[in-house]
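*Asks:* Have a look at the structure that comes next, please.
The values are calculated or read from the model by the stated rules, or taken from the named source; none is laboratory data. Given the structure is predicted, the values throughout are model-derived calculations rather than measurements. In this analysis, Cβ positions are derived from the backbone assuming ideal geometry, glycine residues included, and neighbour counts consider all displayed protein chains. Ligands, DNA and RNA are excluded from the accessible area calculation, which covers all protein heavy atoms including side chains. Shrake-Rupley method; radii C 1.70, N 1.55, O 1.52, S 1.80 Å.
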Amino acid sequence: MASKKAVLVYILEILRDETDANHTLSQEEIRSILAKKYELTVDRKTLGRHLNDLYESNNFNIKCEESALGADGSIRRTNFYMIHPFEEAELHLLIDGLLASRHINPNQRQDLINKVSSLGSRYFKSHGGQINSTSGYLMRSQELFLNIDLIEKAVTEGRKISLVYYQPDVDKKLHPNLDATGNERNYIFNPYQLVASRGQYYLVGNHDNHDDMSTLRVDRIGQINVLDIRRKPLRDIQGYHNQNTFNVQQYMNEHIYMFGGESVTVSFEAKRSIVNQILDWFDGNVTFTKVTDHKVECRVHVNREAFKYWALQYMQSVKVLSPSSLVFDVREAIRDGLAQYV
């Protein structure tokens, strides 16, 4: 005969797996499942006491329907169910996030979706199996999550890491960057923060032999070693001389693409018709002036290289006004592009 503790565990498993707010079980149905699934026979009174103990403890998010019986006001409880930590809509949002994460390979993604789905009852239907995500053509490293753990350790402890960086080629495979002798190039990197942007995972930090901030695709990093050497203080990095802690939100606002390098204040003229897209791209961190029915002048503090490519993307609707060096670079890029079609 199973112990009381074992029976309580089996009841909790049944409520977790078989119930939610829309699917309840009566005491008799729970007795039947105990008999069929666990080969346990529990009489009605004993089961009732166990269910009351679990319900009244308030530790397991168990709910039920109550009704008064008899002159003594005794309470009858039935239609038991468990409130799960996540609502179905929340589970769908988590799964959508996994489907949009291009840095996770298909097998890892499906494994994570299955784990997220298990947080709901058996009635939860994940749409993950019916959606093809844009996971790219390259198989990502199976060591991705181990690498993330190592990076997080280095970031938390403020230590340098060594790594090898990989790039794709026309064979659609990843190849390590090589040094002048043709061997795998080993980088020493000062890691400050992991960030997610537009479906990719990036490590923000500093190459040890440079002064500025750089970003690396996490799924392109391999052979990580956490070194027993303190990383550079943030104030030693160009553009961060007055900062002691890394401001993730500011960095994400300024880096609409994950380019390294300096951030500058940019002024540009745009068509009113793309104001909604400007707000999306710059997360609302833009100032509008000289507003007319058809045009608006915009001002934003942003990564210089990232803005250059953004301006080229919207060249039919955007005109860069300042700084003059950026105006020159965009003009030259447009001229070079047009030369491709001569």
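*Asks:* Wrap a convex hull around the Cα atoms of segment 150-264, take a quarter of its surface area, and give that in square nanometres.
*Replies:* Directional mean of the projected Cα hull area for segment 150-264 stands at 8.1 nm².
*Asks:* Given labels modelled 7 Å from the Cα in the Cβ direction, how far is it in nm from N247 to D179?
*Replies:* 3.8
*Asks:* May I ask for the equivalent-ellipsoid semi-axes of segment 233-303, computed as the square root of five times each C-alpha gyration tensor eigenvalue and listed largest first in whole Å? Write out the running numbers ahead of the final one.
*Replies:* Working: eigenvalues 165, 25, 17 Å².
In descending order, the three semi-axes are 29, 11, 9 Å.
*Asks:* In whole percent, what relative contact order does the chain give with Cα contacts below 8 Å and a gap of six or more residues?
*Replies:* Numbers: 522 pairs, mean separation 34.6, N = 342.
Result for the chain is 10 percent.
*Asks:* Right, next: For the chain, report the accessible area per residue in Å² (1.4 Å probe, heavy atoms, rounded to an integer).
*Replies:* Numbers: 19970 Å² over 342 residues.
Here the per-residue accessible area is 58 Å².
*Asks:* In addition: Please report the equivalent ellipsoid semi-axes of segment 189-342, computed as sqrt(5 x eigenvalue) of the Cα gyration tensor, largest first, in whole Å.
*Replies:* Taking √(5λ) for each Cα gyration eigenvalue gives 32, 18, 15 Å.
*Asks:* I've got another one for you. Let me spell out the model: positive unit charges on the Cβ of Lys and Arg, negative unit charges on the Cβ of Asp and Glu, origin at the Cα centre of segment 143-275. What dipole size does that give, in debye rounded to 20?
*Replies:* Result for segment 143-275 is approximately 280 debye, rounded to the nearest 20.
*Asks:* Moving on to the next point. At a Förster radius of 22 Å, what calculated FRET efficiency corresponds to the Cβ-Cβ distance of F259 and Q313, to the nearest 0.05? Before the final figure, lay out each step's value.
*Replies:* On the way: r = 14 Å, r/R0 = 0.62.
For F259 and Q313, the calculated efficiency is 0.95.
*Asks:* Would you please put 205-215, 30-40 in order of how densely packed they are, using the mean number of other Cβ atoms within 10 angstrom per residue and starting with the highest?
*Replies:* 205-215, 30-40
*Asks:* Return the subset of K36/K125; K45/K115; K5/K36 for which the Cα-Cα distance in this structure is over 30 Å, preserving the input order.
*Replies:* Violating the 30 Å Cα-Cα cut-off are K45/K115.
*Asks:* Next up: Starting from the Kirkwood Rh over alpha-carbon pairs, what translational D in µm² s⁻¹ does segment 221-270 have by Stokes-Einstein at 37 °C and 0.692 mPa s?
*Replies:* Estimated diffusion coefficient is 238 µm²/s.
*Asks:* Taking the convex hull of the Cα atoms, report for the chain its projected area averaged over all directions, in nm².
*Replies:* That works out to 29.1 nm².
*Asks:* Using a basic spin-label model with each label point 7 Å from the Cα along Cα→Cβ, how many nm lie between V9 and I229?
*Replies:* 5.0
*Asks:* Another one. Roughly how many Å² of R299 are accessible to a 1.4 Å probe, to the nearest 10?
*Replies:* 130
*Asks:* Still on this structure: Give, rounded to the nearest 20 debye, the magnitude of the charge dipole that the chain has about its Cα centre when Lys and Arg contribute +1 at Cβ and Asp and Glu contribute -1 at Cβ.
*Replies:* Result for the chain is approximately 120 debye, rounded to the nearest 20.
*Asks:* Tell me which DSSP H helices of the chain clear both cut-offs, 15 Å or more of axial length from alpha-carbon atoms and a mean Kyte-Doolittle hydropathy of at least -0.5.
*Replies:* Helices meeting the criterion: 4-18, 88-99, 144-157, 324-339.
*Asks:* If every alpha-carbon in segment 260-342 counts as one equal scatterer, what log10 I(q)/I(0) does Debye give at q = 0.19, 0.24 1/Å?
*Replies:* Computed log10 I(q)/I(0) values: -0.82, -1.22.
*Asks:* Let me ask something else about it. Check the straight Cα-Cα distances from K271 and name the lysines below 24 Å, setting aside those fewer than 8 residues away within the same chain.
*Replies:* Within the straight-line cut-off, K271 pairs with K290, K295, K308, K319.
*Asks:* Quick check: convex hull of the Cα atoms in segment 150-197, volume per residue, rounded to a whole Å³?
*Replies:* In segment 150-197, the Cα hull volume divided by residue count equals 105 Å³.
*Asks:* Translational D (Stokes-Einstein, µm²/s) of segment 1-62 at 4 °C and 1.567 mPa s when Rh comes from the Kirkwood sum over C-alpha pairs?
*Replies:* 110
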